[in-house]
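A short worksheet on the structure shown next.
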Amino acid sequence: MTQRLVRVCVIGAGLAGLCCALAAASRGLRVQLLDQAAEPRALAAHIEVVPNMLRDLVALGVGDDCVRAGFPYRGIDVIDRHGRHLHELPTERLAGPRFPAALGIRHDELHRLLERAALARGVDLRRAARVQAVHDHAGEARVVVERGEPVEADLVVLAAGAGSALPQALFPHALPASELPQSWWYALLPRPVDLDRPLIAHGDAGRRAVLVPVRHDQAGLALTEPSVAPAGSTPAEHLRRALATFAPRLRALAPRLDETTPITRRPARAALLEVPWHRGAVLAVGDCAHALPPHFGQAAAQAVEDARVLADLLDADTGREPLFEAFERRRAERVRRVHEITTTAARWDLQPDSGADLSLLMAKLAQTVAQPA
């Protein structure tokens, strides 16, 4: 007889974990969400809610909230280091006629609205809950929590992130995420009055900047460059010097960066867990299954897509093993193609190639994600 799933434990309250918890709770399951952090995540950064990501957020029931909290746009402008307009990258309207093509949103705002939606659906969120191990016990899982009661579950969704030791502990074939020799700098700045959609700007020495409107009064800056230690300078000083290598529209942002500006620096990671993505009662999602460089907004988009597919399969109520098999069938090859595209974009940043064509690469991505997984 097929074991019916009733209790779900989600490990990690990042983007993937929140979306998976919301997906399971909205299907009537009892969900416990464990996060080792004592406080919600609040990075000084933005998230590009690209068309395929917005489509899946709409399917999870939070599309309207995202549009209200963010800055809708259509199309992306690309300029060279002298400010010349190179071309426009299209953004297709995948979420339906009621919704924009895409939007920019603050990282903390997206996490807050997803958490509110999950709690409203009955998710039991436990913070400062560090998971030590997951054991199989009589056909179910026992999640061992440091200084806390263990959690019994029929299904465990592992969304602890690429920096967690749990994927290697639970999946012996998992390889640690490799850090690309590339840094991403993020900051939130006042929105230039003429910025009504994202701007991609090429700099020198492997640098590229993306400026994304996230609110009527604010924009998110993401600047990528080969990894360098900003020796002898503060993050604000380093970013001001880096912006000086760009076109005037980007250079004009430098005075808005001072020592009080919150700045986030993150490495670019890449890893792809070979199937199976499940073991015992545990299913790996998000960065635990596919750590992608942030190019084209697909690191976040693929995490949300995991939750969308999980929601579909929970609707089918097929039991755990058929769910695992169907999840991998719908996700693994698709993620592999997206991983190849995003790592190619990262390589072009690090080693500029005269044959590199960002438009063609983005068209390949658009074709890959045009239909739901």
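Every number in this text was worked out from the coordinates using simple rules, so none of it is lab data. Being a predicted model, the structure only gives us computed values, none of them experimental. Note that we place each Cβ from the backbone using ideal geometry, even for glycine, and neighbour counts take in every protein chain shown.
For A326 and R241 in the same chain, what is the full-extension length gain: residue separation times 0.36 nm, less their Cα-Cα distance, in nm? Show your work: numbers first, answer last.
Details: separation 85, 0.36 × 85 = 30.60 nm, distance 4.93 nm.
Length gained between A326 and R241: 25.7 nm.
Considering amide H positions built from the backbone, and no H for Pro or chain starts, which residues 5 or more places from Q132, or on another chain, come under 5 Å of its amide H?
The answer is V144, V145, E146.
With axes computed from alpha carbons, what is the tilt in degrees of helix 107-120 against the longest principal axis of the chain, rounded to the nearest 10 within 0 to 90?
In the chain, helix 107-120 runs at an angle near 20 degrees to the longest axis.
To the nearest 10 degrees, how steep is helix 320-350 against the longest Cα principal axis of the chain, on a 0 to 90 scale?
Computed tilt is about 20 degrees.
Across the stretch 366-373, in residue order, what do the Karplus-derived ³J(HN,Hα) couplings come to in whole Hz, using 6.51 cos²θ - 1.76 cosθ + 1.60 with θ = phi - 60° and x for Gly and Pro?
4, 5, 5, 9, 4, 9, x, 5
Between rounded, prolate and oblate, where does the stretch 23-127 land on the alpha carbon gyration tensor, with a ≥ b ≥ c its root eigenvalues, rounded for a/c under 1.5, else prolate if a/b exceeds b/c?
Values: a/c = 3.40, a/b = 1.78, b/c = 1.91.
Verdict is oblate for the stretch 23-127.
Would you order M362, M53 from fewest to most other beta-carbon atoms within 10 Å of each residue's own beta-carbon? Intermediate values should be presented prior to the final figure.
Values: M362 19, M53 27.
With the sparsest Cβ surroundings first, the list reads M362, M53.
Quick one: which residues, 5 or more positions from H46 or on another chain, have an amide H under 5 Å from its amide H? H modelled 1.01 Å from N in the peptide plane, none for Pro or chain starts.
Distant-sequence amide H within range of H46: H107.
Rounded to whole Hz and in sequence order, give me ³J(HN,Hα) for the stretch 22-33 from the Karplus expression 6.51 cos²θ - 1.76 cosθ + 1.60, θ = phi - 60°, writing x for Gly and Pro.
4, 4, 5, 5, 5, 9, x, 8, 7, 10, 10, 10
Indicate the gyration tensor shape class of the chain (rounded, prolate or oblate), computed on the Cα atoms with a ≥ b ≥ c the square roots of the eigenvalues: a/c under 1.5 is rounded; otherwise a/b larger than b/c is prolate and the rest oblate. List each step's numbers first, then the result.
Details: a/c = 1.79, a/b = 1.69, b/c = 1.06.
Taking the square roots of the gyration eigenvalues as a ≥ b ≥ c, the chain is prolate.
How charged is the neighbourhood of V304? Take every other residue with its Cβ under 10 Å from the Cβ of V304, and add Lys/Arg as +1 and Asp/Glu as -1.
-1
How many nm is it between the label spots at S178 and E149, if each spot is 7 Å from the Cα in line with the beta carbon?
It is 4.5 nm.
Quick check for me: using +1 on Lys/Arg Cβ and -1 on Asp/Glu Cβ, what's the dipole size of the chain about its Cα centre, in debye to the nearest 20?
Using only the charged Cβ atoms, the result is roughly 440 debye.
Which one, V157, G319, G206, is farthest towards the positive end of the dipole of the chain when Lys and Arg carry +1 and Asp and Glu -1 on their Cβ?
Working it through, the farthest residue towards the positive pole turns out to be G206.
Excluding R142 itself, calculate the net charge of residues whose Cβ lies under 11 Å from the Cβ of R142, where each Lys or Arg counts +1 and each Asp or Glu counts -1.
Details: positive: none; negative: D136, E140, E149, E152.
Neighbour charge sum, excluding R142 itself: -4.
How far is the Cα center of the stretch 21-44 from the Cα center of the stretch 298-373, in Å?
Result: 22 Å between the Cα centres.
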